Number of protein chains: 2
Amino acid sequence: MHTYRVVVAYDGTGYSGWQVQPGRETVQGWVIRAARPLLGEGVRVTGASRTDAGVHALRQTVSIKGTRAVPAAVVARALNAELPRDIRVVGCAEADAGFDARRAAAGKRYVYLIEDGTVPTPFLLRYAWHLPWRLDVAVMRRALAPLRGRHDFSAFRAAAGRDHEPTCVIRALHVVRRRHRIALFVSADRFLHHMVRNIVGSAVEVGRGARPPEWLGDVLASHDRRRAGPTAPAPGLTLLRVMY
Amino acid sequence: MHTYRVVVAYDGTGYSGWQVQPGRETVQGWVIRAARPLLGEGVRVTGASRTDAGVHALRQTVSIKGTRAVPAAVVARALNAELPRDIRVVGCAEADAGFDARRAAAGKRYVYLIEDGTVPTPFLLRYAWHLPWRLDVAVMRRALAPLRGRHDFSAFRAAAGRDHEPTCVIRALHVVRRRHRIALFVSADRFLHHMVRNIVGSAVEVGRGARPPEWLGDVLASHDRRRAGPTAPAPGLTLLRVMY
């Protein structure tokens with residue numbers, strides 16, 4: 001087995017997420033099809049993050065295993081020649097045979113973009129969540145502070161969660177505003193399904209004044225998904241990088 | 001006649017440019033259709049810049065004239081309710097009856113985006129010109145310097161130019177690099193058709209080393225379109241604002 005550690009950037013707008021699903025256009029499906037002619041029919045492709053439909057990636061890390069030995073630079077060029085233009089291999093290196101991009105990941109970093117002007121910018125339609133209210137970023141920062149560190153994040157996982165272990169360590173969480181654009185950065189050792197989008201949806205409830213800042217800590221402590229805010233829409237979310 | 005001064009932002013990717021053409025989706029065509037129910041069948045819509053197919057605008061200024069008196073805020077909301085999401089009214093005010101967005105314009109500012117990494121970023125496909133060579137920005141700046149000020153720009157106009165008077169005053173022209181992204185900003189009192197894209201196409205010839213820096217000044221002085229470089233593609237170009 002020959003293993004490659006491949007870094008992939010994609011605009012998720014046109015795809016039903018990372019993971020292969022029958023009859024759907026997925027990023028993993030495209031990478032498998034692109035890799036087959038070079039690395040053989042039995043090629044195995046594993047992404048560190050199973051991004052949802054509409055979610056983007058600046059640097060998704062992918063392990064690709066095949067039976068043929070090909071120089072890494074050739075793999076990168078061959079994949080880019082086959083992939084659509086909105087999926088790009090931006091890095092490729094040979095890896096240890098045992099490397100698995102998902103299991104080896106020590107952490108991930110995401111950003112969620114919000115735009116809170118009265119009129120949504122046409123250029124951010126695919127990349128940001130537009131809200132008609134002016135959000136109070138200082139209050140959002142205060143509300144989010146209790147989420148840093150090791151916690152049971154059951155309250156922020158998808159209702160039909162695929163994750164059994166609910167404990168994650170949020171290592172960094174910050175909110176930056178520039179005019180009408182707000183970016184919420186989150187780094188953690190691991191994430192539950194929909195965790196970033198549920199945290200964002202809840203932080204927005206606080207930022208628009210519908211809930212007091214203490215509410216977010218109470219939701220976390222409740223471990224009860226039904227108490228959190230709505231799930232923020234997928235297009236605002238981008239996987240920034242995977243740490244090893 | 002009631003006249004409105006309307007500021008419009010659009011992602012030009014899906015449109016055959018600003019100006020109405022039979023059987024084509026154009027931005028002006030959409031604004032006319034959106035304005036009719038409110039301002040009457042005889043509504044007149046004039047944009048300061050006739051942007052080409054695929055060119056974007058952050059703040060295009062448009063004069064809209066109709067026979068009905070409607071508060072400006074109502075006009076803005078009504079237009080946004082009818083326009084597609086990638087065309088947005090971002091400002092609207094009542095104007096003097098004689099205001100014409102094109103004739104009254106005292107200047108315009110454009111930016112042209114280039115990406116010169118080996119792999120094009122999926123997120124910039126619609127907004128930047130990707131080039132596989134590393135461009136020398138310092139040399140491009142030197143080469144572009146002679147274009148500042150009042151000149152006959154015949155060498156940089158479209159081959160089948162619609163402009164008779166070839167004299168323009170470039171008030172500002174600068175090149176900024178951030179990693180693999182290069183932005184070329186140009187302000188002038190007026191622009192000939194394809195002028196920014198022809199200047200960019202020629203500056204790239206210098207930046208990639210195909211021509212010496214002095215060449216750009218020689219092309220300008222020649223007044224000969226055939227001597228300039230290729231026309232840079234439309235998607236890299238964005239109208240930033242119109243000055244009055």
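The values are calculated or read from the model by the stated rules, or taken from the named source; none is laboratory data. All values derive from a computational prediction rather than experimental measurement. Methodologically, a virtual Cβ is constructed for each residue, glycine included, from the backbone with ideal geometry; neighbour enumeration extends over all protein chains shown. Ligands, DNA and RNA are stripped out before the accessible areas are found, and what is left, the full protein with its side chains, is counted by its heavy atoms. Shrake-Rupley method; radii C 1.70, N 1.55, O 1.52, S 1.80 Å.
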Subset of the stretch B:53-73 [within 14 Å of chain A (Cβ to nearest Cβ) and without any contact (Cβ under 8 Å) to a residue 40 or more places away in the chain]: B:Ala73
I'd like the residue in the stretch A:94-122 that is open to solvent by 30 Å² or more (accessible area, probe 1.4 Å) and within 14 Å of chain B (Cβ to nearest Cβ) and, out of all such residues, is nearest to the chain's Cα centre (by Cα). A:Leu113
In the stretch A:1-17, the residues that are within 14 Å of chain B (Cβ to nearest Cβ), assigned to a loop (DSSP other than H, G, I, E, B) and over 16 Å from A:Val90 (Cβ atoms): A:Tyr15
Please work out which one of (1) open to solvent by 10 Å² or more (accessible area, probe 1.4 Å); (2) away from chain A (no Cβ under 14 Å) is the condition B:Trp30 fails and give its number. (2)
Within the stretch A:136-159, the residues that are surrounded by fewer than 20 Cβ atoms within 10 Å (Cβ to Cβ), within 15 Å of A:Arg208 (Cβ to Cβ) and of a type outside the set (Asp, Glu) are A:Val137, A:Ala138, A:Val139, A:Arg141, A:Arg142
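Taking the condition surrounded by fewer than 20 Cβ atoms within 10 Å (Cβ to Cβ) and away from chain B (no Cβ under 14 Å), does A:Pro166 pass?
Criteria met by A:Pro166.
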Considering only the stretch A:145-160, how many residues are part of a loop (DSSP other than H, G, I, E, B) and either under 15 Å from the mean Cα position of the chain (by Cα) or without any contact (Cβ under 8 Å) to a residue 60 or more places away in the chain (or both)? 4
Of the residues that sit in the stretch B:38-52 and are small (Gly, Ala, Ser) and open to solvent by less than 10 Å² (accessible area, probe 1.4 Å), which one is farthest from the other protein chains (Cβ to nearest Cβ)? B:Gly40
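Look at the stretch A:36-52 and say how many of its residues are outside any loop (DSSP other than H, G, I, E, B), more than 22 Å from the chain's Cα centre (by Cα) and without any contact (Cβ under 8 Å) to a residue 24 or more places away in the chain.
1
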Could you tell me how many of the residues in the stretch A:123-135 are crowded, with 17+ Cβ neighbours inside 10 Å and more than 14 Å from chain B (Cβ to nearest Cβ)? 2
Of all residues in the stretch A:196-240 being surrounded by fewer than 18 Cβ atoms within 10 Å (Cβ to Cβ) and closer than 30 Å to A:Val89 by Cα, which is farthest from the chain's Cα centre (by Cα)? A:Pro233
